[in-house]
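This report refers to the structure that appears directly beneath it.
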Protein chains: 2
Amino acid sequence: MSTWTDNLTMDTMARERANPPFDVRKMSIEHHGSENNLVKKEKFMLEASRDPVFYSADIYDLTTEQIRERTMQRIQRLAHYVTSESVDDFQKRMELMSLLDPGLWTRLGVHYGLFLGAIRSGATPNQFSYWMEKGLIGCNGMFGCFGMTELAHGSNVAGLETTAHFDAQTDEFVIHTPNLGATKWWIGGAAQTATHCSVFAQLIVNGKRYGTKTFIVPLRDPKTFQLLPGINIGDIGKKMGRDGIDNGYIQFTNVRIPRAYMLMKHTQVTRDGEVREPPLQQLTYGALLQGRTAMVSDAANTAKKALTISVRYAAARRQFKSDANAKHETQILDYPIHQRRLMPLVAQAVAFGYTSLELQRLFEETSQALEALEPGDPNLDATIEKLKETHSTSAGLKAFCTWATLENIDRSRQACGGHGYSSYNAFANMYSDFAVHCTWEGDNTILALQSGRFLISAFQDALDGKKQVSQGTMYMNDLDKVLTAKCESNVALDTLDGIDRGWATVAAHAVKKASEDYQACLKKGRSREQAFEDCSQVRFVAASVHTSGYIFRQFRSAVERVEKTNDGVREHLELLAKFYGLWQMEEKAAFFLRSGWLTPEQLDYATAKVTEYCEKTRSFVIPLVDSFAISDHVLNSPIGRYDGDIYREYFRMVRRNNPQLKEHPYFERLIRPFIERATSEIEDFDEAIGIDDEIEEIKQDREEAEAEAKAQAEENKKQ
Amino acid sequence: MSTWTDNLTMDTMARERANPPFDVRKMSIEHHGSENNLVKKEKFMLEASRDPVFYSADIYDLTTEQIRERTMQRIQRLAHYVTSESVDDFQKRMELMSLLDPGLWTRLGVHYGLFLGAIRSGATPNQFSYWMEKGLIGCNGMFGCFGMTELAHGSNVAGLETTAHFDAQTDEFVIHTPNLGATKWWIGGAAQTATHCSVFAQLIVNGKRYGTKTFIVPLRDPKTFQLLPGINIGDIGKKMGRDGIDNGYIQFTNVRIPRAYMLMKHTQVTRDGEVREPPLQQLTYGALLQGRTAMVSDAANTAKKALTISVRYAAARRQFKSDANAKHETQILDYPIHQRRLMPLVAQAVAFGYTSLELQRLFEETSQALEALEPGDPNLDATIEKLKETHSTSAGLKAFCTWATLENIDRSRQACGGHGYSSYNAFANMYSDFAVHCTWEGDNTILALQSGRFLISAFQDALDGKKQVSQGTMYMNDLDKVLTAKCESNVALDTLDGIDRGWATVAAHAVKKASEDYQACLKKGRSREQAFEDCSQVRFVAASVHTSGYIFRQFRSAVERVEKTNDGVREHLELLAKFYGLWQMEEKAAFFLRSGWLTPEQLDYATAKVTEYCEKTRSFVIPLVDSFAISDHVLNSPIGRYDGDIYREYFRMVRRNNPQLKEHPYFERLIRPFIERATSEIEDFDEAIGIDDEIEEIKQDREEAEAEAKAQAEENKKQ
């Protein structure tokens, strides 16, 4: 009866998995860093999929209020794990939560990441114990929010305007919002959840300003949730995404807190108003790293989630027959252009995965070094150097990985055509939830510029003969050679080493250009800051090129650590790494041509290789996305289902979430008066039943016209 | 008391407007094509801003159900104008509606654009009269929807599976959905509004299939809105955007309609089952053009809307002081990198505006030529040629302009930092509403490929010596010269003519590459269709480069038509045109280097020029976005307000839409049990009041460590 049979999509998907050219389980372990990590993730996914609190099929139709309430239920559930499992396990669980419910991740992260993080990094041991006793760890008795940004200040933390005057008479600080622009804004958890806030405010003692410090300010009575005197909190309402977070604004009007509520690990204010400032300002850097590390890993995971959906849909969906005799229409994944749309993004997602594992390692290493540090430590300089580099690397990665993933989500959506636009297939929320990653914890453009600034100074060091020791900037050693290097042959171009050298050369050129422009600005008499501003565009470009190369290098190193066995894993990862490196080369082709590293002919070769790798990757891409190990429950997208039963499940989900209404919601009120109204412009009615007369007329007209045209044509021929 | 004064943002904005270097009104007239167009738009904006039905400040917090109802109210209001003003005026009004309320535009457009359009292009005169009498024009008595796409078929219209069997006995068609995949899907208006549907179905007469034809099928009784027998309609629910449209699915189960309900202008079925097929298949092209033309214009208008907000915010927002002695922080618009983020997009939006005016003209010209056409007409070939070219041009423009604007919206959002992420500042909805433009009425990638296919055939014609007559492909005449051209100097590079020649050369190279790859595939024995698939990536690239050049050329021509007077208009438009052309050159630099048109040094010059134009454009960008003439009501974004009073109005809007609740929505139910629960892991309490002892200890430790470090340092010096 029909060319479309109900099981075709499922049969197709099964066939795609019939002969994977690599051991899918081993590949999956590779992506996750260890078998242990993978097993834990699977455990967490299973628990979530069976827990009614994590039921998600109805999520796309909830109102903001309903989502917030659902999120609170989930917070309650997760709080159980905080106190019952290891920190490492809980962090892994949260990483999964970020993929399943980004609003939840943030709302809980505000307490555990930001608020608790502020206290851990800023409190003295006694202060820390005090807040522990108040319920900091288990959220029993208190829930924290993080009061940094204000309506008129975000990036410029030093410019925040909330004040904290020390009142020596009462031994208290007076926290105050001096004007509308100083209203704390975007404070997650403030509107409905938080009892306390870590407030960033200008410390003022005896009329003197000491800069921005952190103060713990009680907001609500935990027994009644009534606002405390002097606290004005409001809901800031609808956001692009992450509706589960109850962001609010806070205005303080002469709110008094005990002196001991200022976090005093670094700066201290004594009973008589003496202010002691810390010798090691840089160490507050550490706190920023954790957020960025988490975001790079979220970028990798979210990219994999989006691609699991779009790639599976492309395998199941058929459209047009390439051959009229074919039994079925062609899978859209078999069209070269569709491969071009999705396959490079798959390689990129895998690259981001390895990069995030490496950044995680770097972050832990740096954190440990920082924690071990004592004032006057002989390792101080080296540690600070290391910290600066990690800081710059994480800044660049956070910026370019979150940008790329945001783009990936929308490309994946577009690759699913109309069905990608339905909320039930997950892309809409994925995009709007993810988008904020490009803005918070450092606007991406500003972070990219920070990375560029670091690169300029590393380049200057390299020129001055100081050897670069970190893997990230090692290409700057032996500059003369790197800057004049050329790709020796097409064969070299298609090797991990060749691609790596290409990126080194191109990154060196981009950084050199930025440095030269910077130096030229200095020579023109511009201050350092002005010079950096003047050359911000080249700085940005340097960071962009450097970061692509850095990501490729992480991928390459990871691949080269994989055992050489017969399971096909290393071989396919190597293919993906070359694919990523060459595709990025094509994307940034102008730099490769300019630097002289590639000739136009070699660029053509690279392009042809990318097309070839698209086709090759297509052949194993279903097992590959399977190895990303994201459950149907976490995907929450019928067209991305594992079993390929996409249409039936999509139809079921749409029906379940949109039950037939008993009556039309506004027919009597709006439609009837509209559709039954009288208008005066009705034209005369001509019996439609006259269709046969009309067909006859049209026939005759057409025949006459055709005869005439024929006569005309013969006439023309004669001439 | 504070460095932030309430009127600073307003004073700043006033200063930005103090000395515009061009006549703002005349500039505005230029953007709108004529003074008449501008005056009309202003009239429509004023009417909308005062009409309670178009109140929009609460729109971001409405539920889907509320938005649909609001949209219905607006439809009712607009229907008044359909029958009371000229078609041209109503189209202009709708263009504005698209900017104010994209869901409304679509929901009404489904009836007036698609349903009525299907009848107009497919019905015989008698049939048209019949539906007119039923209320087609005024929506009184009927409201139509457009039943083309199915769950399993979108792009492949010929592959649709809904069937229309002719039953000769009863003189009826039987409309039927043979399987789940054939369910009509995404049908705007089906869920709550439509009484009739223009159904695309496979015509089957006496067992023979005649391909996809259109049938008008009644869905609901207009008196009761009950579904008619055999009709199953459901709501397809939540979408990424445009919630005002009530998209639904429709399943037909042996639904009988009179034979005369098949649209028979082209194909006819007679009483006894004879099928007459039309001689001029191509002419259905025409219908597609209107949608695309509207989308290019929507891309230009929406880009201007997004930029009006982000640019005004960048002028009002201050962050960081570049000079410690400065009275205020720096306007973010003054940072070179922020100029780089937004100014090229402003030039692009202006370019899109002129392109859309030109496409409009082309569309009208083509439509008139088509309407004037008779079978056997001697102008037939020329008209079809013209139609093909307009078709290809509009396909490329629809694809690349909607992509660029979607990107622009998100870049504008990001340029507004956190406040861009608040729904109240309009970007969230703008993005999710606009995103569907990349998918519907032809997926962008597929359209780009169509444009690429046309370019390959035009190139082949050019090689064969056939002169290209259309402005779009004229650069293919005299190929030898174009392909070997080089930019003669930096001076030439910075002229409209020089840039134009550059784009011609680069486009010619890109099309040549696509043609050669295509020919190579044919030589390898691939079929035409296979060859086109194989070279889809180069085809895509050719379309992309060609379209950038095309847009520049439209901008250039428009500028050169502007009178040379002393009002500064032409001079500044010329600057913007060069800016756009050079910036796109920088974006697609690899093609310019490869083609040999630019040397690396010239590319550096182009980049420097782009930076310079960013700075220049910044100096007049506030008057420029003012000249886009988009009212505060249409912007509906407090941070984009004309008067610069951004913080107060944003705060007010947030408060108005999120009134204080009388009680916490779930404190007793969820928060109290959570926050008051007992946990067993509480650590010992250490009196926080011991802060002073602790400060003392920290002091001593620090002093000792510093002394030690000093001693160590001196020790080191000695060595």
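Quick one: in the stretch A:632-663, which of the residues that are surrounded by 19 or more Cβ atoms within 10 Å (Cβ to Cβ) and more than 12 Å from chain B (Cβ to nearest Cβ) is farthest from residue B:240 (Cα to Cα)?
A:644
Within the stretch B:320-344, take every residue that is under 16 Å from residue B:415 (Cβ atoms) and among the hydrophobic types (A, V, I, L, M, F, W, C) and give me the one that is surrounded by the most Cβ atoms within 10 Å (Cβ to Cβ).
If we take residues in the stretch B:320-344 being under 16 Å from residue B:415 (Cβ atoms) and among the hydrophobic types (A, V, I, L, M, F, W, C), then B:343 is surrounded by the most Cβ atoms within 10 Å (Cβ to Cβ).
If we scan the stretch B:141-150, do we find a residue that is within 9 Å of chain A (Cβ to nearest Cβ) and either modelled with pLDDT under 95 or under 30 Å from residue B:36 (Cα atoms) (or both)?
Yes, the stretch B:141-150 has at least one match.
Can you pull out the residues in the stretch B:107-126 that are among the basic types (Lys, Arg) and buried (at least 21 other Cβ atoms within 10 Å of the Cβ)? Full working, then the answer.
Kept after step one, since they are among the basic types (Lys, Arg), are these residues of the stretch B:107-126: B:107, B:120.
Residue satisfying the conditions is B:107 alone.
Quickly run through the stretch B:395-419 and pick out the residues that are closer than 19 Å to residue A:438 by Cα and of a type in the set (S, T, N, Q).
B:405, B:408, B:412, B:414
If I filter the stretch A:213-259 down to residues being surrounded by fewer than 17 Cβ atoms within 10 Å (Cβ to Cβ) and of a type in the set (Val, Ile, Thr), which single residue comes out as nearest to the other protein chains (Cβ to nearest Cβ)?
Taking the candidates together, the pick is A:224.
Can you tell me which of (1) out of contact with any helix residue (DSSP H, G or I) (no Cβ under 8 Å at 6 or more places or on another chain); (2) loosely packed, with under 13 Cβ neighbours inside 10 Å; (3) over 23 Å from residue A:298 (Cβ atoms) is the one residue A:361 doesn't meet?
The number of the failed condition is (3).
From the list B:337, B:309, which residue is in a helix (DSSP H, G or I), within 11 Å of chain A (Cβ to nearest Cβ), modelled with pLDDT of 95 or more and under 28 Å from the mean Cα position of the chain (by Cα)?
Result: B:337 is the single residue among B:337, B:309 that is in a helix (DSSP H, G or I), within 11 Å of chain A (Cβ to nearest Cβ), modelled with pLDDT of 95 or more and under 28 Å from the mean Cα position of the chain (by Cα).
Can you pull out every residue in the stretch B:562-587 that is part of a loop (DSSP other than H, G, I, E, B) and touching a residue at least 60 places away in the same chain (Cβ under 8 Å)?
Those that are part of a loop (DSSP other than H, G, I, E, B) and touching a residue at least 60 places away in the same chain (Cβ under 8 Å): B:562, B:567, B:568.
Would you say residue A:290 is away from chain B (no Cβ under 14 Å), over 26 Å from residue B:444 (Cβ atoms) and not hydrophobic (A, V, I, L, M, F, W, C)?
Yes: the conditions hold for residue A:290.
Is it true that some residue in the stretch A:496-517 is at negative phi, part of a loop (DSSP other than H, G, I, E, B) and touching a helix residue (DSSP H, G or I) at 6+ places or on another chain (Cβ under 7 Å)? Give the derivation first.
The first filter runs over the stretch A:496-517 and keeps only residues at negative phi, leaving A:496-517.
Checking the rest, the ones that are also part of a loop (DSSP other than H, G, I, E, B) come to none.
Looking for residues that are at negative phi, part of a loop (DSSP other than H, G, I, E, B) and touching a helix residue (DSSP H, G or I) at 6+ places or on another chain (Cβ under 7 Å), one finds none in the stretch A:496-517, hence no.
Has the stretch B:117-135 got at least one residue that is farther than 24 Å from residue A:666 by Cα, more than 9 Å from chain A (Cβ to nearest Cβ), touching a Lys or Arg at 6+ places or on another chain (Cβ under 8 Å) and among the basic types (Lys, Arg)?
Looking for residues that are farther than 24 Å from residue A:666 by Cα, more than 9 Å from chain A (Cβ to nearest Cβ), touching a Lys or Arg at 6+ places or on another chain (Cβ under 8 Å) and among the basic types (Lys, Arg), one finds none in the stretch B:117-135, hence no.
Going by what's in this entry, would residue B:168 be described as among the aliphatic types (A, V, I, L, M) and within 35 Å of the chain's Cα centre (by Cα)? Can you show your working first?
Values: among the aliphatic types (A, V, I, L, M): yes; within 35 Å of the chain's Cα centre (by Cα): no.
When the stated conditions are applied, residue B:168 does not pass them.
So which of A:443, A:517, A:500 ends up being in contact (Cβ under 8 Å) with a residue 40 or more places away in the chain and either farther than 30 Å from residue A:610 by Cβ or assigned by the TED database to the domain that holds residue A:157 (or both)?
That would be A:443, the only listed residue that is in contact (Cβ under 8 Å) with a residue 40 or more places away in the chain and either farther than 30 Å from residue A:610 by Cβ or assigned by the TED database to the domain that holds residue A:157 (or both).
How many residues does the stretch A:260-277 hold that are of a type in the set (Ser, Thr, Tyr) and within 8 Å of chain B (Cβ to nearest Cβ)?
Count: 1.
Can you tell me which residues in the stretch B:55-78 are crowded, with 19+ Cβ neighbours inside 10 Å and in contact with a Lys or Arg (Cβ under 7 Å, 6 or more places away or on another chain)?
Result: B:60, B:71, B:75.
For the stretch B:146-169, how many residues meet the condition of being small (Gly, Ala, Ser) and surrounded by fewer than 21 Cβ atoms within 10 Å (Cβ to Cβ)?
Taking the stretch B:146-169 first, the residues small (Gly, Ala, Ser) are B:147, B:152, B:154-155, B:158-159, B:164, B:168.
From the residues that got through so far, the ones that are surrounded by fewer than 21 Cβ atoms within 10 Å (Cβ to Cβ) too are B:155, B:158-159, B:168.
Here the count works out to 4.
Limited to the stretch B:79-105, what total is found for residues that are surrounded by 19 or more Cβ atoms within 10 Å (Cβ to Cβ), within 14 Å of another protein chain (Cβ to nearest Cβ) and touching a Phe, Trp or Tyr at 6+ places or on another chain (Cβ under 9 Å)?
3
Out of the residues in the stretch B:594-621 meeting the condition of being within 16 Å of residue B:340 (Cα to Cα) and of a type in the set (A, V, I, L, M, F, W, C), tell me which one is surrounded by the fewest Cβ atoms within 10 Å (Cβ to Cβ).
B:608
Restricting the first residue to the stretch B:7-33 and requiring it to be in a helix (DSSP H, G or I), which pairs with a second residue that is among the polar types (S, T, N, Q) meet a Cβ separation below 7 Å and a spacing of at least six or different chains?
Close Cβ pairs (under 7 Å, with a partner that is among the polar types (S, T, N, Q)) amount to B:12/B:331; B:24/B:627; B:27/B:627; B:28/B:627; B:31/B:627.
Exactly one condition in (1) within 14 Å of another protein chain (Cβ to nearest Cβ); (2) assigned to a helix (DSSP H, G or I) is not met by residue B:57; state its number.
Tallying (1) within 14 Å of another protein chain (Cβ to nearest Cβ); (2) assigned to a helix (DSSP H, G or I), residue B:57 fails exactly one: (2).
Taking the conditions exactly as written (touching a Ser or Thr at 6+ places or on another chain (Cβ under 7 Å), within 30 Å of residue B:90 (Cβ to Cβ) and of a type in the set (S, T, N, Q)), does residue B:129 satisfy them or not?
Values: touching a Ser or Thr at 6+ places or on another chain (Cβ under 7 Å): no; within 30 Å of residue B:90 (Cβ to Cβ): yes; of a type in the set (S, T, N, Q): yes.
No.
Enumerate the helices (runs of 4 or more DSSP H) found wholly within the stretch B:388-474, keeping only those where 3 or more residues are of a type in the set (Phe, Trp, Tyr).
Fully inside the stretch B:388-474 and qualifying: B:427-434.
So which residues in the stretch A:206-232 are of a type in the set (D, E, K, R) and in a strand (DSSP E or B)?
Across the stretch A:206-232, the qualifying residues are A:208, A:209, A:213, A:220.
What's the total number of residues in the stretch A:666-705 that are part of a helix (DSSP H, G or I) and modelled with pLDDT of 75 or more?
Total satisfying the criteria: 25.
Per-residue answers, yes or no, for (1) surrounded by 24 or more Cβ atoms within 10 Å (Cβ to Cβ); (2) farther than 18 Å from residue A:445 by Cα; (3) within 14 Å of chain B (Cβ to nearest Cβ); (4) touching a Leu at 6+ places or on another chain (Cβ under 6 Å):
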{"residue": "A:512", "(1), (2), (3), (4)": "no, yes, yes, no"}
{"residue": "A:515", "(1), (2), (3), (4)": "no, yes, no, no"}
{"residue": "A:521", "(1), (2), (3), (4)": "no, yes, yes, no"}
{"residue": "A:527", "(1), (2), (3), (4)": "no, yes, yes, no"}
{"residue": "A:530", "(1), (2), (3), (4)": "no, no, yes, no"}
{"residue": "A:534", "(1), (2), (3), (4)": "no, no, yes, no"}
{"residue": "A:538", "(1), (2), (3), (4)": "no, no, yes, no"}
{"residue": "A:544", "(1), (2), (3), (4)": "no, no, yes, no"}
{"residue": "A:552", "(1), (2), (3), (4)": "yes, yes, no, no"}
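The values are calculated or read from the model by the stated rules, or taken from the named source; none is laboratory data. All values derive from a computational prediction rather than experimental measurement. Cβ atoms come from the backbone with ideal geometry, glycine included; neighbour counts cover every protein chain shown.
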